[in-house]
């Protein structure tokens, strides 16, 4: 009776641990093609050495394997179902990693990093000596194309595992981190479903405290001392180490400060009574803005943080030019008194909208700072036309799906109360997650001219009921309407040519109205979504009903 592929894989792993090279060679000939030879090859790298590795490779073993759900179920590995650029990497068995170490790496799923391996007879196998591991590594590098071996990935994990032997050997061969790794660590995720940034946060967050600085300093060298990318998630996984002031200072110097919510970080330090960090904050100049400095003093006072308050008041007395600050405040007050501010003046709009000027002179909205629950985005601010809404600009939460927002926690909470948004017809693009997690949002229009309904744009908008997507839209991004549980009607024209994964998942009440024979009709049938065929007249009627 012929063995199944799973039985072949198990037999090969058993032979690597229990048989001689000659016995394994004969067995492999009997087995024939083994689709999942990667675990056996990895174990040979960890416990048996070069001779066993060579015979496996000669017979056809490789670190590659089928990226199918069946493989994941059969072999207990990871095939990148959540993050498409990650799979279990059995070559990493070569690293000096043992049980419980190198946490946070998706590519270790299904692997057991033990120091010894029991055998049916004789002494257990021990983890290879450093000299033997170097010999195996040299062979893997020489055969990398044939084996689907990625030395640049091995380098990254060797740094995280503090495996100096493997690291030095890879560097001796001229191996450097991949461009993808460097870009991710310095610029963030390439796509929303990119696992590299997620893993970097997880790995660094779970490093042992004693290893954190060594690992981060080595990674900094590998990226030529460029600053690491910063997100709130990275802050959350690192702040637990800030009692070690050396870690805190390293974090401030080596992560991009332009992305940091500086005064929220200061408030967190005061809340956690990490007062020794305040002189470091002074050195990097975060107290240099008098208004912000006084806000922090007020915060410490209101929260009865007396030691922090004493330090802050002493700092102010040491550094403040009181006469200059008073003169500046007086001038500002006079300007305000002398202005006849209309609701549409630049000064008034700046108070409720954050925006940036684009290269073509138009504006992109980055944040809503107002308090209204019915919001009208201005067509112009001053002489410049508003043509775009930034990623996460009105989102009700930050950090989800890799969306970076420019909002405070208080602003995010206010965004969750907004019920209606009116966009001007000048808007041509709306960024990913622009309105995600706006729990109260019921009404919104998409201007004619917008070509893409971006990824996660209405993710978790649980009050949204109906929407008309204009004819100009060519693409609907992944997870665009996910978890819109009260969404009942969406009209989509035949202009839509591409629809991302799970764009309409978890919308139990939804009926999609679309032209007969269109791409969206085909998509609905394929994904078991409720739909009805609909002409332009019906779409116009739907659009009018939205604002009744």
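Just so you know, all these numbers are worked out from the coordinates, no wet-lab data involved. What you see is a predicted model; the values in this text were computed from it and never measured. Methodologically, a virtual Cβ is constructed for each residue, glycine included, from the backbone with ideal geometry; neighbour enumeration extends over all protein chains shown.
A few points about this structure:
- Values of log10 I(q)/I(0), in the order q = 0.17 Å⁻¹, for the range 173-308 under a Debye, Cα-only, solvent-free model: -0.95
- Against the rule of thumb 2.2 N^0.38 Å, how large the Cα Rg of the chain comes out: 1.20
- Size descriptor, Kirkwood hydrodynamic radius, that averages inverse alpha-carbon separations across the range 346-546, Å: 16.9 Å
- Working note: Cα atoms of the range 5-176, range along each principal axis, descending, whole Å: 40, 37, 30.
- Theoretical ellipticity at 222 nm over the chain - DSSP helices of four or more residues, -39500 (n - 2.57) apiece, nearest 500: -12000 deg cm²/dmol
- Shape box of the range 261-322 [Cα atoms, principal axes, largest first, Å]: 29, 21, 18
- When the Cα convex hull of the range 433-502 is projected onto planes of every orientation, the mean area is 3.9 nm².
- The range 346-546: relative contact order as a whole-number percent, Cα under 8 Å and 6+ apart: 13 percent
- Model label sites at residue 525 and residue 176, defined 7 Å from Cα along the beta-carbon direction, differ in position by 5.2 nm.
- Based on C-alpha pairs under 8 angstrom that are at least 6 apart in sequence, the chain has a relative contact order of 6 percent.
- Averaging 1/r across all pairs of distinct Cα atoms in the range 427-471 and inverting the result yields a Kirkwood radius of 10.8 Å.
- FRET efficiency, residue 313 to residue 246 (Cβ-Cβ, R0 25 Å, nearest 0.05): 0.40
- Modelled FRET efficiency - R0 25 Å, residue 417 with residue 485, Cβ distances, 0.05 increments: 0.85
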